[in-house]
Amino acid sequence: MRDTIDMAHEAQFEGFGNGDWVCTTEEIKSFEALVRADERTECAEHYLGIMRNAIKEAVQAEREACHALRQTLPNPHEHCQVSAHAYNMALVAYGAAIRARGNT
């Protein structure tokens, strides 16, 4: 949050060395607008942070679900050892690619 004194200066308040301030009704309204804008910005940044974290967690959960699904796929090439091995290696590469997406 911005400093209140800085916002008072921006709103054209006149400050005295003893801590007293003099301002007009228009300057008070200007100050109010500055405070509200600052509060809206702070709230928006907080909300966006919450949303970024939720999206990050959802993406990670989806990657883990895809990885888990990959581990349940049956090998259709059980009759051929070479094809079965190639298929299994492809699944391992697929799983690694899913997990690697989270590191980019």
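Annotation note: of Glu42, Glu64, the sole residue that is closer than 17 Å to Ala93 by Cα, part of a helix (DSSP H, G or I), modelled with pLDDT of 80 or more and not β-branched (Val, Ile, Thr) is Glu64. Taking the condition farther than 30 Å from Arg2 by Cα and aliphatic (A, V, I, L, M), does Ala44 pass? So Ala44 fails the test.
Quick one: is Arg70 in a helix (DSSP H, G or I) and under 30 Å from Ala97 (Cβ atoms)? Judged against the criteria, Arg70 is a match. Checking each residue of segment 12-21 against the condition of being surrounded by 12 or more Cβ atoms within 10 Å (Cβ to Cβ), assigned to a loop (DSSP other than H, G, I, E, B) and touching a residue at least 12 places away in the same chain (Cβ under 8 Å) gives at least one match.
The values are calculated or read from the model by the stated rules, or taken from the named source; none is laboratory data. The shown structure was predicted, so the numbers you read here are calculated from the model rather than taken from an experiment. Backbone-built Cβ (ideal geometry, glycine too); neighbour counts: all protein chains shown.
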